[in-house]
Amino acid sequence: MKVLQIGAAGGVSHRLARLLVARGDAVTGMHRDPAQAETVRASGATPLTGDLVDDSVDGLAAKIGGHDAVVFSAGAHGTGRDKTTAIDGKGLEKAAAGAARAGVSRFVLVSVFPEALRADEPDEGFEHYVKVKKTADVYLTRTGLGWLIVRPGTLLDEPAPAVSPRARPSSTATCAATTSRRSSTQPCTSRP
């Protein structure tokens, strides 16, 4: 299977690429910053520079073409409300439209569990992020794509406690890898 990862330099995608390559899939990792190419290459993926903000739908379709599936895990990562809207929201819409135009129907979206970080005092930026992600989720469900939405809780790089609502990037990546070959929209569950 040929998989295009959008946001390939991030924690989930880096782990996911390793899992996909280990099972024999060919992975192309789209990243925004040319300096991230080595990070993508180290995961076993073939780097591809692209930008969800600047690329057109046709440009994204050209990058997506020839793949069997798309995994979208790009994000603004706290760089501001405008970037969150442009990447997590409008970027997802452009990528989904590009996938449809390229004839690639399998689309996995790494989203967010809406109740993540609710033990903390969420700020306006976080609330905006959750709103944008929810809107993107709904948008994806209304496309003609065969979609799967993975909603991890708070992502941690350190081991989580034995019983925790938090997810690790590795468990989220395992869920995405397991479900990327499914033809249905069955949810997957993973525990830290």
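The values are calculated or read from the model by the stated rules, or taken from the named source; none is laboratory data. The structure displayed is predicted, hence computed values, not measured ones. Heads up, the Cβs are rebuilt from the backbone with ideal geometry, glycines too, and the neighbour counts pull from every protein chain shown. We work out accessible area using only protein heavy atoms, side chains counted, and drop any ligands, DNA or RNA first. Shrake-Rupley method; radii C 1.70, N 1.55, O 1.52, S 1.80 Å.
Summary of computed values
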| read-out | value |
| --- | --- |
| Unique match (being closer than 18 Å to Val110 by Cα and touching a His at 6+ places or on another chain (Cβ under 6 Å)) among Leu4, Leu19, Leu52 | Leu4 |
| For Lys83: the one exception among (1) touching a helix residue (DSSP H, G or I) at 6+ places or on another chain (Cβ under 6 Å); (2) open to solvent by 10 Å² or more (accessible area, probe 1.4 Å); (3) of a type outside the set (A, V, I, L, M) | (1) |
| In the range 74-104, residue farthest from the chain's Cα centre (by Cα) [restricted to those that are assigned to a loop (DSSP other than H, G, I, E, B) and modelled with pLDDT of 95 or more] | Gly103 |
| Answer residue from the range 48-74, given it is of a type in the set (Val, Ile, Thr) and out of contact with any strand residue (DSSP E or B) (no Cβ under 8 Å at 6 or more places or on another chain) and is least open to solvent (accessible area, probe 1.4 Å) among those | Val57 |
